[in-house]
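Everything on this sheet refers to the single structure shown next.
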Amino acid sequence: SAVALPHSARGMDRFFNEQRRAQGIDVIPLGPRAAQDSLQALRRGRALGVLGDRPFGEPGLWVQAFGRQLRLPRGPAILSLRSQAPVVPMFLIREARWRFRLVVDAPIWPAAGQHDEPSDQAVSAIMQSYAASLERLVRRAPTQWLLFDPVETAAPAPLAAQVMG
């Protein structure tokens, strides 16, 4: 299964979703039911693809990456904690025209016992680990991180805030 951002043009949305379904991917449109449908997919033992670098439809949380604060989504960590499924960072590296290499980083396992209402600390820990994975890969292949919108960053928090935070 994969969570997909619906396109505003209905024809484009239908085209992309048909391509996904042709590859055996169940599409979960980003929207009011996405979290519930995603959790059901995970509990049925399905793999679930979600973007981990953009907080679409949520305020996100700040993590440390690239020497700055970077805003990432909370959703992947919350789903992981509620389902007890790991977050597995995956990236595609373009090697040539129509040729990609899949890079899979180590799984990030959720803390046990966070099924109902995951703590902010547990969510932050997972997404900080994800940020470290993202940073390692982007440093190896900086031209490969392609986004259509600016990445939301801020200056790093003062050291005292990082220690206390």
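The values are calculated or read from the model by the stated rules, or taken from the named source; none is laboratory data. All values derive from a computational prediction rather than experimental measurement. Here the Cβ is made from the backbone with ideal geometry for all residues, glycine too, and neighbour counts use every protein chain on show. Accessible surface is based on the protein model in full, side chains and every heavy atom, while ligands, DNA and RNA are left aside. Shrake-Rupley method; radii C 1.70, N 1.55, O 1.52, S 1.80 Å.
Remarks
- Distance from the range 90-115 to the range 1-50 (C-alpha centre basis), Å: 18 Å
- Accessible surface for the range 1-149, divided over its residues, is 63 Å² per residue with a 1.4 Å probe.
- The chain, relative contact order [Cα under 8 Å, separation at least 6], %: 19 percent
- Fraction of accessible area attributable to carbon and sulfur, the chain (%, probe 1.4 Å): 57 percent
- DSSP finds beta bridges in the range 1-118, and of those with both partners inside it, around 75 percent are antiparallel.
- When you count the other C-beta atoms within 10 angstrom of each residue and take the mean per peptide, 30-43, 122-135, 99-112 line up highest first as 122-135, 30-43, 99-112.
- For the chain, alpha-carbon Rg and Dmax in angstrom: 16.6, 51
- With both labels modelled 7 Å from their Cα along Cα-to-Cβ, the PHE15 to VAL103 distance reads 3.0 nm.
- Counting all C-alpha pairs of the range 1-94, share separated by more than 15 Å (%): 65 percent
- Selection of chymotrypsin sites (Phe, Trp or Tyr not before Pro), the range 1-88, meeting DSSP coil and at most 15 other Cβ within 10 Å: PHE56, PHE66
- With helices as the sole contributors, the chain gives -11000 deg cm²/dmol at 222 nm; each DSSP H run of n ≥ 4 counts as -39500 (n - 2.57), and the sum is divided by every residue.
- Taking other residues whose beta carbon is less than 10 angstrom from the beta carbon of GLN40, and scoring Lys, Arg as +1 and Asp, Glu as -1, yields +3.
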